[in-house]
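Where a number appears in this text, it was derived from the coordinates with a stated rule and is not lab data. Model, not experiment: these values are computed from the prediction. Cβ placement follows ideal geometry from the backbone for every residue including glycine, while neighbour counts extend to all protein chains displayed.
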Amino acid sequence: MTRLTRRFILTGMLGGLAGQALAEAPMVSPRPKARPLRVATVSAAPAEDLIRAAGLGGRVGFVVADARTGLVLEASDADLPLPPASTAKIITSLYALDHLGPGHRFGTRLIATGPVSGGKVQGDLVLAGGGDPVLSTDDLGDLAAELRKAGVTGITGRFLVWGGALPYLEAIDRSQPEWLGYNPAVSGLNLNFNRVNFVWKRAGSGYEVGMDARDTRFAPQVYSARVTIADRSLPVYTYENGGKVEEWTVAKGALGKGGSRWLPVRRPDLYAGDVFQTLARAQGAPLPAPEAVGSLPAGTVIAQHGSSELRSILRGMMKYSTNMTAEAVGMAASVRSGVTSHVASGRAMSDWAKARAGVTTPRFADHSGLAGASRISAADMVRILVKLGPGGQLGGLMKEIRYKDKAGKPLSHVQVLAKTGTLNFVSALAGYVSAGGSDLAFAIFTGDIARRDAVPDSQKERPEGGKAWARRSRQMQQQLIERWAAVYGS
């Protein structure tokens, strides 16, 4: 661990960061000169003691710097690359904004390959995805209504679905258990974050089960995925991709009285087509079963849905940490540069960060942070926050984290806008702190990689000791932030 000394704090600059930051054109007014360290007027435990008391094992790297100048105020293992977990979405947001623009909208279209005559499309109807990561069942319901308004009551040809706007990814991280809803497929045609709702309830000595795609106004039954009950205790779930139908089994011993759970979808194009078929039928426009196509047929757009603006999508992604959204927007940004695979897209985002912020350690295996193989140092994350965050208005995308003191009262003198990140025995927090008129940028990365790698597959959803470990890490994060507010708040 780096020894925290007054000399280090006063002279510790992130190699050239302050110079780079000051070389940028001011966004509002010229940045002030770096302030000297202010001696704390309240008691604040040394950072090393806080880390030691947390008893996390593994490694802890952190940096806190003046958010305006980049002057490093305190650091420990600053240059050690560690898994960023979902704080990687900070980089993804900036990457997507830079390549797509804050006002970018994703479009989902209905394309007719022939004219409409007598209420019927004389040819095929294509549901063509545009990479929209937040397309919902309600959106498809509205699109079905638009189809009916266009006078369509049927088709003479096929009902096709196309998801080729983005490369297909069967699962974000193949090392994760099959049934985790936050690890779905990604394609150019996505629906409900590519999750299907599994519902069960007691019925006599057995259960009634079903799959639906419920939203606020519509809750159609799903036919492209189905579940059967198996008379066993473990494993809780099994999965098989049957081609046109995704087959799940669930252990009877795990069901209890009843409930529901979102399960991941591996064929999002067929899932979206399945749901749209039901919604179109309800509008008086029956369609045949959907068929996936690899290339987009030519035709005329007869109805379309546009997503909300990218900036709004990113705000929701940062708030709820939706992995599928991160993968879709990151991949969409890379496609603009001719990238054709998710692996190459992770590399492209890494190279972009290095070039734009002058950093060296980013190595992203994905855009969401779900893959444990991704790495970045706390020093480089802070460089990015200082150099790129203000221009990308990153603070407006981050959610406020409200801390309380030991008596349960809010810490009103400290405002934290940050992104959290959690994997098994990995915890991260990065963002901005405002206290007493001072604006700080920080990153705290903690990872016990050996312990994470040792977790058996059967415990990956809830590893033994994982909850307590994460709680201690969050406590340490708060203690560090309170320390910085006390020592560096002016």
Pull up the cross-link candidates among the lysines for Lys387, meaning alpha carbon to alpha carbon under 19 Å and not fewer than 8 places away within one chain. Lys33, Lys89, Lys354, Lys419
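Expressed as a rounded percentage, what relative contact order does the chain have, with Cα pairs under 8 Å and six or more residues apart? Intermediate results must be reported in sequence, preceding the final value.
On the way: 1098 pairs, mean separation 112.6, N = 490.
About 23 percent, as a whole number.
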Mean projected area, convex hull of alpha-carbon positions in region 138-187, reported to one decimal in nm², is 5.4
Which order do the peptides 53-66, 451-464, 219-232 come out in when sorted by mean C-beta neighbours inside 10 angstrom, highest first? 53-66, 219-232, 451-464
Give the separation of the Cα centroids, region 342-379 to region 390-464, in Å. 19
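When you count, for each residue, the other Cβ atoms within 10 Å and take the mean per peptide, how do 309-318, 86-95, 248-257 rank with the highest first?
On the way: 309-318: 20.7, 86-95: 27.8, 248-257: 15.0.
Going from most to least packed, we get 86-95, 309-318, 248-257.
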Segments 355-361, 275-281 sorted - mean Cβ within 10 Å per residue, highest first: 275-281, 355-361
If region 106-307 were replaced by its equivalent ellipsoid, with semi-axes equal to the square roots of 5 times the Cα gyration tensor eigenvalues, what would those be, largest first, whole Å? 32, 18, 13
With +1 on each Lys and Arg Cβ and -1 on each Asp and Glu Cβ, and nothing else charged, work out how big the dipole of region 106-307 is about its Cα centre, in Debye to the nearest 20. 460
Pairs over 32 Å Cα to Cα, from Lys201/Lys460; Lys201/Lys404; Lys319/Lys467; Lys409/Lys467; Lys399/Lys460; Lys120/Lys319, come to Lys201/Lys404; Lys120/Lys319
Net charge near Asp98, counting Lys/Arg +1 and Asp/Glu -1 over other residues with Cβ under 14 Å of its Cβ? +4
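Summing Lys, Arg as +1 and Asp, Glu as -1, what charge do residues with Cβ under 10 Å from the Cβ of Gly130 carry, Gly130 excluded? Write down the numbers at each step before the final one.
On the way: positive: Arg105, Arg109; negative: Asp132.
So the surrounding residues net to +1.
In which sequence would Asp173, Asp439 go, from the one with the fewest C-beta neighbours within 10 Å to the one with the most? Walk me through the numbers before you get to the answer.
Values: Asp173 19, Asp439 16.
With the fewest neighbours first, Asp173, Asp439 line up as Asp439, Asp173.
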